[in-house]
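This report refers to the structure that appears directly beneath it.
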Amino acid sequence: MTVPAPSPADPPYLKDLNAPQREAVLTTEGPVLVLAGAGTGKTAALTARLAHLVATRRAFPSEILCVTFTNKAAREMRERVGKMIGPAVEGMPWLGTFHSVCARMLRRHAELVGLQSNFTILDTDDQLRLMKQIIQAAGLDEKRWTARALAALIDKWKNKGLTPKEIDAGESEAFAHGKGAEIYAQYQARLRDLNACDFGDLLLHMLTLFKTDRAVLEQYQERFRYIMVDEYQDTNTSQYLWLRLLAQTRKNICCVGDDDQSIYSWRGAEVANILRFERDFPGAAIIRLEQNYRSTPHILAAASGVIAQNGGRLGKTLWTEADEGEKLRVIGVWDGPEEARRVGEEIERLERQGTRADQVAILVRASFQTREFEDRFIQIGLPYRIVGGFRFYERAEIRDALAYLRLVNQPSDDLAFERIVNVPKRGLGDKAVEKVHRLARAEGVPLSVAAAHIVETDELTGAARKSLGRFIGDLHRWRDLAKSMGHADLARQILDESGYTAVLQAERTAEASGRLENLQELTRAMEDYETLGAFLEHVSLVMDNDATQDEAKVTIMTIHAAKGLEFDTVFLAGWEDGLFPSQRALDEGGLASLEEERRLAYVAITRARRRCIILHAANRRVYGQWTSSIPSRFIGELPGETIEEETTMSGGASLWRANWSERDDPFANAGRGTGRGPGWQRAASAGGFVREPTRIVEARQSAVSLGNKGRSDMTVGQRVFHQKFGYGQVTAIEGNKLEIDFDQAGQKRVLDSFVNLA
């Protein structure tokens, strides 16, 4: 359609919109895909479109389906539309999240899926409790096949829109040696018996109904004259199929999203959904919102330069009328602690120049990275807040580990004993623990002493007595080890021998993996202190730090948590290969995972309004060992004219660019239109890496021991040991990268500095 030019007679909701935004509002008929780049005002366009449909009487409010991903987004949209059209917004029952809309539908048709309309929606704790009962009833080893692992697997299947009958043998093999589909079916049957469903069921049941009951589908196809979807790039398969079925009759569906900001595949999001919109809806109007109202030209050019390396994207070019602003700064530091020191100094300098702390953010790829910043900021008195999670030492797994260490260090620490006496689960019920408490009060002794006494009696059942006795024996043994073993190594041994590490490993979820990384960072941090007591005292002082609530604070958060937010100044920490992009993405995910990591880099850069500072360290502690790091390949993809480079590394090392070919790194030119692209070099004197056009040459600084020997003598066929993957045999060598066939972990590609000769 031809969009009319702005006119004085335009309604208020159109007056402040640019031309593409107006087009997105006024193109009401047929399928529409609005590609909204970061900071381009997509919420303004979406709410104005919703107001326009009602104000022009194209549909009654109850005839519009508008779905979002969060309750916050739904509330914001309802409030903004209410200001535009007044009380009519109250007649919009179908404006909400996918789950809330589907819950409303499902209560109307519950009997068709074997439920009653007053069904219960289980929370996570109830869901896990039920799954544990199913696992026990099936006679499975709960330690090997955990409730959390089952929950993650079933959630993945539901995100794909798969019922138990649709799980093939390959999918079923993922749990209990082929019993996955059977356990899934038992879980669903139990939910029906309880007249309950979990969050995944809300959408899965309605999708199943739409597929199998034509009358139900046609009822909603007729009801909804217009369908609108926010953040379409984040839809999973089940949501995509549900929307596509609803839109088949009228085809008046408007999806707003950005394929360059699809960063949630780990929770089921499929970037392919937005990429195939034109195939799903032939003749669809594609409208690009490209004028950015947030960032400077340098920031936008840098982000665009990185994301342009991805293939299979719909493409757009962000621009702004803002002043050119500062170039991005890329700072090389020696190690993680220096990174934290440098960021602290930069923030203090900005504050002296008038920048408020709450307009500064530090974005990290993994949550364990926050620890060094927290320690440093407390040391210099810089107030901060953690968004999207707890402060490092407040995280549950960290508090559990600290409780073990406190109890080893101080046997009379009853609070620590209470926290971990049954963590991980040791089969000690509330009655057994209460008996220990009663004895402790009666004898006036610490709980650990009372526990040691009670296991010598018949007060407890045989199983509880045996379990508690083993725990008390472990505590005595660990205290003896503390006299001769380094406290960091002791902590690692405690986490392993207590079963805590094994429980997290058995979960096989992204959350559990992050918790394991946090524990590794904890034990690494302990190495900076002479004694266990000194470290625990440091933690106590850190935990006691509590700035006033109304004080402006620096924000520390993961890049994932920062999506949708913006700050005047953004520090992007830890931009090194293996950390960002993550080693898991490089080892396991192939090109698709690397491209999602690159989209994450794009999101990170575009959070900045005025200035963006990227940091990378030459060395980091990985699994307790110093390793050399190379700058992230994403740094090499930043257009040279958008950045300023500097380094604070010892020895006066310099940074400079070089071109290097696809032969150097099979992922380096992924999605590029050319065969060559910018890479990074570090001088040999810095102990780093020199990338040349046909090879990657590793250069070590001989004067500094990093805990790893040079690998110039590595040969194919050699046996090696890797701290994470164990023993294996080298099958191929490419510069400093090794292909290794590990005995247990299979084929992996790793840096040679991560391995030792076996």
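The values are calculated or read from the model by the stated rules, or taken from the named source; none is laboratory data. All values reported here derive from a predicted model rather than from experimental measurement. Every residue, glycine among them, receives a Cβ derived from its backbone with ideal geometry; neighbour counts consider all protein chains shown. Accessible surface areas use protein heavy atoms only, side chains included; no ligands, DNA or RNA. Shrake-Rupley method; radii C 1.70, N 1.55, O 1.52, S 1.80 Å.
Could you give me the residue pairs with C-beta distances under 8 Å whose first residue belongs to the stretch 520-536 and is under 18 Å from residue 403 (Cβ atoms), whose second residue is β-branched (Val, Ile, Thr) and part of a helix (DSSP H, G or I) wherever it lies, and which are 6+ apart or on separate chains?
522/398; 532/408
Looking at (1) among the hydrophobic types (A, V, I, L, M, F, W, C); (2) without any contact (Cβ under 8 Å) to a residue 40 or more places away in the chain; (3) in contact with a strand residue (DSSP E or B) (Cβ under 8 Å, 6 or more places away or on another chain), which is the only condition residue 255 fails?
(2)
From the list 434, 456, exactly one residue is without any contact (Cβ under 8 Å) to a residue 12 or more places away in the chain, more than 30 Å from residue 132 (Cα to Cα) and among the charged types (D, E, K, R). Which is it? First the steps, then the outcome.
Values: 434 fails: more than 30 Å from residue 132 (Cα to Cα).
Of the residues listed, the single one that is without any contact (Cβ under 8 Å) to a residue 12 or more places away in the chain, more than 30 Å from residue 132 (Cα to Cα) and among the charged types (D, E, K, R) is 456.
Let me confirm something: among 169, 174, which residue is over 17 Å from residue 115 (Cβ atoms) and under 28 Å from the mean Cα position of the chain (by Cα)?
Just a single option satisfies the conditions, and that option is 174.
So, in the stretch 1-25, of the ones that are modelled with pLDDT under 90 and among the β-branched types (Val, Ile, Thr), which residue ends up nearest to residue 40 (Cα to Cα)?
If we take residues in the stretch 1-25 being modelled with pLDDT under 90 and among the β-branched types (Val, Ile, Thr), then 3 is nearest to residue 40 (Cα to Cα).
As an exercise: evaluate residue 125 against (1) in contact (Cβ under 8 Å) with a residue 60 or more places away in the chain; (2) under 27 Å from residue 108 (Cα atoms); (3) among the charged types (D, E, K, R) and give the number of the one condition it does not meet.
Going through the list (1) in contact (Cβ under 8 Å) with a residue 60 or more places away in the chain; (2) under 27 Å from residue 108 (Cα atoms); (3) among the charged types (D, E, K, R), residue 125 breaks only (1).
What number of residues within the stretch 247-272 are surrounded by 20 or more Cβ atoms within 10 Å (Cβ to Cβ) and either over 23 Å from residue 41 (Cβ atoms) or small (Gly, Ala, Ser) (or both)?
Total satisfying the criteria: 5.
Of the residues in the stretch 372-396, how many are under 30 Å from residue 497 (Cβ atoms) and over 17 Å from the mean Cα position of the chain (by Cα)?
Matching residues across the stretch 372-396 total 6.
Go through the stretch 1-113 and tell me which helices (runs of 4 or more DSSP H), entirely inside it, have 2 or more residues that are open to solvent by less than 30 Å² (accessible area, probe 1.4 Å) and free of Cβ contacts under 8 Å to residues at least 60 places away in the same chain. Even if it seems obvious, please write down each step before you answer.
On the way: elements: 12-15, 19-26, 42-55, 71-85, 98-109.
Helices (runs of 4 or more DSSP H) meeting the threshold: 19-26, 42-55, 71-85.
Exactly one of (1) buried (at least 22 other Cβ atoms within 10 Å of the Cβ); (2) part of a helix (DSSP H, G or I) is unmet by residue 304. Its number?
Among (1) buried (at least 22 other Cβ atoms within 10 Å of the Cβ); (2) part of a helix (DSSP H, G or I), the lone unmet condition for residue 304 is (1).
Collect the residues in the stretch 273-289 that are outside any strand (DSSP E or B), open to solvent by 30 Å² or more (accessible area, probe 1.4 Å) and in contact with a helix residue (DSSP H, G or I) (Cβ under 7 Å, 6 or more places away or on another chain), keeping them in residue-number order.
Result: 275, 280.
What do you reckon, is residue 313 open to solvent by 20 Å² or more (accessible area, probe 1.4 Å) and within 23 Å of the chain's Cα centre (by Cα)?
So residue 313 passes the test.
Any chance the stretch 162-172 includes a residue that's part of a helix (DSSP H, G or I), in contact (Cβ under 8 Å) with a residue 24 or more places away in the chain and within 29 Å of residue 248 (Cβ to Cβ)?
Applying the first criterion (part of a helix (DSSP H, G or I)) to the stretch 162-172 yields 164-166, 169-172.
Then keep just the ones that are in contact (Cβ under 8 Å) with a residue 24 or more places away in the chain; that gives 164.
Narrowing the set further to residues that are within 29 Å of residue 248 (Cβ to Cβ) leaves 164.
Looking through the stretch 162-172, at least one residue is part of a helix (DSSP H, G or I), in contact (Cβ under 8 Å) with a residue 24 or more places away in the chain and within 29 Å of residue 248 (Cβ to Cβ).
May I ask you to list the residues in the stretch 132-151 that are of a type in the set (A, V, I, L, M), over 14 Å from residue 193 (Cα atoms) and part of a helix (DSSP H, G or I)?
Answer for the stretch 132-151, where residues must be of a type in the set (A, V, I, L, M), over 14 Å from residue 193 (Cα atoms) and part of a helix (DSSP H, G or I): 135, 137, 147, 149, 150, 151.
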